[in-house]
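One structure is given here, and the rest of the page talks about it.
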Amino acid sequence: MTPIIRGEGITPSEQRLVRFADRAFLRLWSYPNTFNDRTKTACGGGQEIADMLAVFENHVVLFSDKAISWQKDNAIELAWSRWYRRAVDGAVAQLNGAERWLDLHPDRVFTDKYCTQPLPVSLPRKAHRITHLVAVVSGAEAACRRYFSDPRGSLMIVPGLKGAAHVDTTRDDFRPFLVGDVNPGGTFVHVFDPIGLEFVMSELDTVADLTVYLAARAKYLRSGKISLAAGEEHLLAAYMMNGFKDGR
């Protein structure tokens, strides 16, 4: 049998994401650093699709990892705007592109840069596929801790905050370190900082638990039923305490 080429993450933050996944439950289901052959040439490699891709039944989870340095010498409003655009908007752009590629070319996904090994599992057909988009963003944790005077310093979740409003400093209620619906015109994008990601992957320790949570999380955060959660740990706790009525 031909050994499966499986990436290990290219950057330190991507390697951390892979460690989280392997330590939790995703090793048998996930493929770090997947590529397409759109830009492949005789001497060059393909284009990275996602920093990690996981396939489970009819679920596909796409991860984009962005580690962006915080510009601590700038005013906090400017530093937040620049960090958000590079980290969150950058991840959203990659995830939307990855989803489009899977829609158009599900048979042209590879596990190595030079596109010699196709993804060793078949992707669910588009009509039956449930796609989850996950942005893992880091670099703002220390600034967030200082701003909220909170030793944990996780991003707050405000679902009513949509798209460009995240960096609109002219809003009367503008505040940094709040994240809501970052991709309002498309598939919901889950934004996790390292703190939130570790909580989610530690507590939801099967791939089925994770995909059920992501589906419920996307639906709930777009339902208009919640105005604020003080961090992913609070949202996850509320889900685990109240989310299993009638066996669901």
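Figures for the structure shown
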item: Members of segment 201-231 that are open to solvent by less than 50 Å² (accessible area, probe 1.4 Å) and either of a type in the set (K, R) or touching a Ser or Thr at 6+ places or on another chain (Cβ under 6 Å) (or both); result: R217, G231
item: G45 being modelled with pLDDT under 70 and part of a loop (DSSP other than H, G, I, E, B); result: no
item: Candidate set: segment 70-97, residues that are touching a strand residue (DSSP E or B) at 6+ places or on another chain (Cβ under 7 Å) and in contact (Cβ under 8 Å) with a residue 60 or more places away in the chain; chosen: the one nearest to R145 (Cα to Cα); result: V88
item: Given (1) at pLDDT 95 or above; (2) open to solvent by less than 20 Å² (accessible area, probe 1.4 Å), index of the condition L53 fails; result: (1)
item: Count of residues meeting criterion [part of a loop (DSSP other than H, G, I, E, B) and among the aromatic types (F, W, Y)] in segment 56-84; result: 1
item: Residue tally, condition part of a helix (DSSP H, G or I) and either open to solvent by less than 80 Å² (accessible area, probe 1.4 Å) or not hydrophobic (A, V, I, L, M, F, W, C) (or both), over segment 86-126; result: 18
item: Unmet requirement for A79, which otherwise passes all of (1) among the small types (G, A, S); (2) more than 24 Å from T34 (Cα to Cα); (3) surrounded by fewer than 16 Cβ atoms within 10 Å (Cβ to Cβ); result: (3)
item: Residue pairs meeting the criteria (Cβ under 8 Å; at least 6 apart or on separate chains; first over 23 Å from Y84 (Cβ atoms), in segment 49-69; second of a type in the set (K, R) and open to solvent by 10 Å² or more (accessible area, probe 1.4 Å)); result: N58/R129; H59/R129; V60/R129
item: Filtered residue count, segment 150-190, keeping only those that are open to solvent by 60 Å² or more (accessible area, probe 1.4 Å) and of a type outside the set (S, T, N, Q); result: 11
item: Residue match in segment 194-202 (condition: among the charged types (D, E, K, R) and either in contact with an Asp or Glu (Cβ under 9 Å, 6 or more places away or on another chain) or farther than 16 Å from V134 by Cβ (or both)); result: no
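The values are calculated or read from the model by the stated rules, or taken from the named source; none is laboratory data. Just so we're clear, the structure is a prediction, and the values are computed from it rather than from any experiment. Note that we place each Cβ from the backbone using ideal geometry, even for glycine, and neighbour counts take in every protein chain shown. For accessibility, only protein heavy atoms count, side chains too; no ligands or nucleic acids. Shrake-Rupley method; radii C 1.70, N 1.55, O 1.52, S 1.80 Å.
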